[in-house]
1. If I ask for residues that are within 11 Å of the ligand (Cβ to nearest atom), open to solvent by 30 Å² or more (accessible area, probe 1.4 Å) and within 25 Å of Ser56 (Cβ to Cβ), which ones from segment 7-17 would you list?
2. Check segment 151-171 and report whether any residue there is in a helix (DSSP H, G or I), open to solvent by 70 Å² or more (accessible area, probe 1.4 Å) and out of contact with any strand residue (DSSP E or B) (no Cβ under 6 Å at 6 or more places or on another chain).
3. Just give me the residues in segment 55-87 being in a loop (DSSP other than H, G, I, E, B), within 26 Å of Ile250 (Cβ to Cβ) and within 13 Å of the ligand (Cβ to nearest atom), in sequence order.
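The values are calculated or read from the model by the stated rules, or taken from the named source; none is laboratory data. This is a predicted model, so every value here is computed, not measured. With ideal geometry, Cβ positions are generated from the backbone for all residues, glycine too; neighbour counts draw on all protein chains shown. SASA here: full protein model, heavy atoms, side chains in, ligands and nucleic acids out. Shrake-Rupley method; radii C 1.70, N 1.55, O 1.52, S 1.80 Å.
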Amino acid sequence: MAVIQVGEDPASSIYVNNKKKACEETGMLSYGYHLPIETDEHDLLELIEQLNQDPSVHGILCQLPLPKQMNEFKIISSINPSKDVDGFHPVNVGLLTIGKDALVSCTPAGVIEMLKAYKIPLVGANCVIVGRSNIVGKPVAQLMLKEHATVTITHSRTKNLPAVCRQADILIAAIGKAEMITAEYVKPGAVVIDVGINRNAAGKVVGDVDFASVSPIAEAISPVPGGVGPMTIAMLLMNTFTAFQRIEGII
Ligand code: GUN
């Protein structure tokens, strides 16, 4: 797996290190490319093209966010879709949308894997997603649809958000706002998946869900840290292994 980081965003550095460490622990080789923040877009495109052509590389990951001078869409689109282990390339997003085999975005894939591991019933379940990002909200909606859930995507303009959220059997919080989802948003007995990683006013790492008020009424709730985060890394390794097998003609 080739892991590219541009600049010094501290959160990105932690994520990238965790990803490289996970590769090593599972016996995959990882190549790290740490480029300065002022890197020209053209130079990054050239590096990606070199990795696209390199037969020893089966996965390419470009950590987001990228610096302002770079066009994120252009960079992601330049990755060979068969090596796009983040599942961000428009081809993989399109394949997911029409229900075909794709490299699926890691955090959404991790959410589904977690729900299945705990045998949470998905067929016909009312699933409310808070957040409509390309990385989490939209792809997790596609995956839940594939599992035959009834899906509602909500966002900052949704009217009466707490009431909509209270309809959920499964509530997925992916907003990026520390502890925004309080007990008022949760139906007693609901399953709550917290995708957020934020720092609260006290500097503590917390999710998008107010764990203290929600955990007493939820049937199940994923913690932050230690819930969805490790699942994202696991799915990244799965994607890399899948990409390897497809590229080498094993599957
Ligand atoms: N930035 C935040 N989450 C992610 C992720 O899953 N992959 C990449 N490449 N960048 C991110």
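1. Hit for segment 7-17 is Tyr15, nothing else.
2. Scanning segment 151-171, I find no residue that is in a helix (DSSP H, G or I), open to solvent by 70 Å² or more (accessible area, probe 1.4 Å) and out of contact with any strand residue (DSSP E or B) (no Cβ under 6 Å at 6 or more places or on another chain), so the answer is no.
3. Once the filter is applied, which keeps residues that are in a loop (DSSP other than H, G, I, E, B), within 26 Å of Ile250 (Cβ to Cβ) and within 13 Å of the ligand (Cβ to nearest atom), segment 55-87 yields Gly59, Ile79, Val85, Asp86, Gly87.
Rundown of residues vs (1) assigned to a loop (DSSP other than H, G, I, E, B); (2) open to solvent by 60 Å² or more (accessible area, probe 1.4 Å); (3) at pLDDT below 95, yes/no style:
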| site | (1), (2), (3) |
| --- | --- |
| Asn92 | no, no, no |
| Glu113 | no, yes, no |
| Pro121 | yes, yes, no |
| Gly124 | yes, no, no |
| Cys127 | no, no, no |
| Gln142 | no, no, no |
